[in-house]
1. Give the residues of the range 447-461 that are part of a loop (DSSP other than H, G, I, E, B) and away from the ligand (no atom under 16 Å from the Cβ), sorted by residue number.
2. Could you check, for the range 344-355, whether at least one of its residues is in a loop (DSSP other than H, G, I, E, B) and of a type in the set (Val, Ile, Thr)?
3. Under the condition of being acidic (Asp, Glu) and more than 20 Å from VAL397 (Cβ to Cβ), which residue from the range 248-269 is farthest from the ligand (Cβ to nearest atom)?
4. Failed condition for SER249, given (1) in a helix (DSSP H, G or I); (2) in contact with a helix residue (DSSP H, G or I) (Cβ under 7 Å, 6 or more places away or on another chain); (3) of a type in the set (Gly, Ala, Ser), with all others met?
5. Only one of (1) farther than 23 Å from ALA283 by Cα; (2) in contact (Cβ under 8 Å) with a residue 24 or more places away in the chain is not met by PRO345, so which one is it?
6. What are the residue pairs meeting all of these: first residue in the range 228-244, first residue part of a helix (DSSP H, G or I), second residue polar (S, T, N, Q) and away from the ligand (no atom under 12 Å from the Cβ), Cβ atoms under 8 Å, and 6 or more apart or on different chains?
7. If we scan the range 391-407, do we find a residue that is assigned to a loop (DSSP other than H, G, I, E, B) and farther than 28 Å from ASN271 by Cα?
Amino acid sequence: MTTTMRRGEMAADRRSKPQRSRQGVVILPLLFVLLVVTCASQSQHTLLPVAEAAEARGEGGSGFAGVAAAAAQEEEEEREAAIERFRKYLSIHTEQPKPNYEEAAAFLFAQAEEIGLKAQRIDLVPGKPVILMTWQGKDTQLPSILLNSHVDVVPVENDKWFHDPFAAVRTAEGNVYARGAQDMKSVGMQYLEAIRVLRGKGSGKEAGEAGTGAGFEPLRTVHLSFVPDEEIGGHDGMEKLVKWEGFDSLGVGFALDEGLPSEGSDYKVFNAERGGFWVMITAKGKPGHGSMMYDGSATENLIRSLNAILEFRRSQFELVKSGKAELGEVISANVDFLRAGKEGPQGPVINVQPSEAVAGIDFRLPPTADVEAFRRRVEVEWAPEHRNMSFAVAQGVVRGKGGKPLITAVDDSNPYWDVFRKAVEKSGVPLSKPGIFVASTDARYLRAAGVPTLGFTPIRNTPVLLHAHNEILRRGCAVLSISISISISSFAIPPS
Ligand SMILES: [Zn+2]
């Protein structure tokens, strides 16, 4: 039986009701190409020498070998062009706190035009555009697919890098060093390159030619969002985009956002994430001479609470160290900010007990944690009023309607999951058990808006260097050759 989801049924779709196999036909080929492009971006530059290239073009050779060589040459040139486009995107200074969103927007518009995608700029906040591209599907009544990536990157400490982090240096081994190489300009470019291949815009082949995927028309509409400010909480980016007046009319039924690279040979996928619960605790106390001893000073008060928090941290960390839980499944706690005392002309003033001491603690709560109970714990145990303490929540946890945990189903109830899993399986690369992303991404806003979302960064055999020095995209997954995989992907394209 074939059923078709219409707009009116979208709500049901978002709740991941079992659906028919037809749903798979859009994202299956797309995912294949996403996987393929990752590998292509990591492969070494192996352009044919001039003589061979001439032969490949038929100037010095003839027959089948000449045609095959020409095709190989063309493919290699296209691979090169893709890597150069990627490097160009990486070289745009979109690091916080002053990302050059205008240059990135111009680059993205140029990409959309080359590929033939409709693009629009949505200025939800002045100077922070969202670039939304749309590839219209054959059936515009079906829920669409959203491929999201953020344009901004975290700042760099230039002197700690082997290469200029915005030069996107490509080494002889084919490695690309750049801020954003993993997080997450690579993913944004993979979406674009995959669609470029599927539309036949890069291969130089006629659209619709068999075996290349060129000329493929998706059944569902595919949207690509390039959003600002993810690295500073997404408040002026995805948080506003899902509330934008036009968002509902996009009819998004499923989304892909960022995940993490894998250090092993598998791909990692995430269906939920921990929520950041950032707390500032303030302790007040009687100021006094540094030689005196009395109870309840501000620093004593604060340190007493911090000791208790560190003990809680130890108990959670023990679960991870002993293998009883993954990091994403426990509450992490880190004291990342401390302030007390005064700085004098000669340096820190040691002989005065300060009247106030402040600590900032980064707690991360798993999706099923009881946020209200945890808030009470902070209030009663770690910032009790009777000890002259108070606290403020600098960032709360995003939950769904009625406080529901934001978890995307990864079972038969979610037809998109099944399609996703099979697509990865077919690529021959094992997929990890779906995990809880340890930090926050824009996916939380999508899930809160009712969109099933998976976090997926198809990079493997690579050290995880998000936010670290020498962020790199390695040529680790060159095992899948672009030509073979695109052929395979074309098998998934249904007859029209
Ligand atoms: Zn990111």
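1. ALA449, GLY450, VAL451, PRO452, ARG460, ASN461, listed by residue number.
2. yes
3. The extreme case among them is ASP248.
4. Answer for SER249: the failing condition is (2).
5. Condition (2) is where PRO345 drops out.
6. Note: pairs meeting the criteria are MET238/SER225; LEU241/SER225.
7. There is no residue in the range 391-407 that is assigned to a loop (DSSP other than H, G, I, E, B) and farther than 28 Å from ASN271 by Cα.
Matching residues to (1) within 16 Å of the ligand (Cβ to nearest atom); (2) buried (at least 23 other Cβ atoms within 10 Å of the Cβ):
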{"residue": "GLU217", "(1), (2)": "no, no"}
{"residue": "SER225", "(1), (2)": "yes, yes"}
{"residue": "GLU239", "(1), (2)": "yes, no"}
{"residue": "GLY246", "(1), (2)": "no, no"}
{"residue": "ALA272", "(1), (2)": "no, yes"}
{"residue": "MET280", "(1), (2)": "no, no"}
{"residue": "ASN307", "(1), (2)": "no, no"}
{"residue": "LEU310", "(1), (2)": "no, no"}
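The values are calculated or read from the model by the stated rules, or taken from the named source; none is laboratory data. From a predicted model like this one, the values you see are computed outputs, not experimental measurements. FYI the Cβ positions are ideal-geometry reconstructions off the backbone, even for glycines, and counts take in every protein chain you see.
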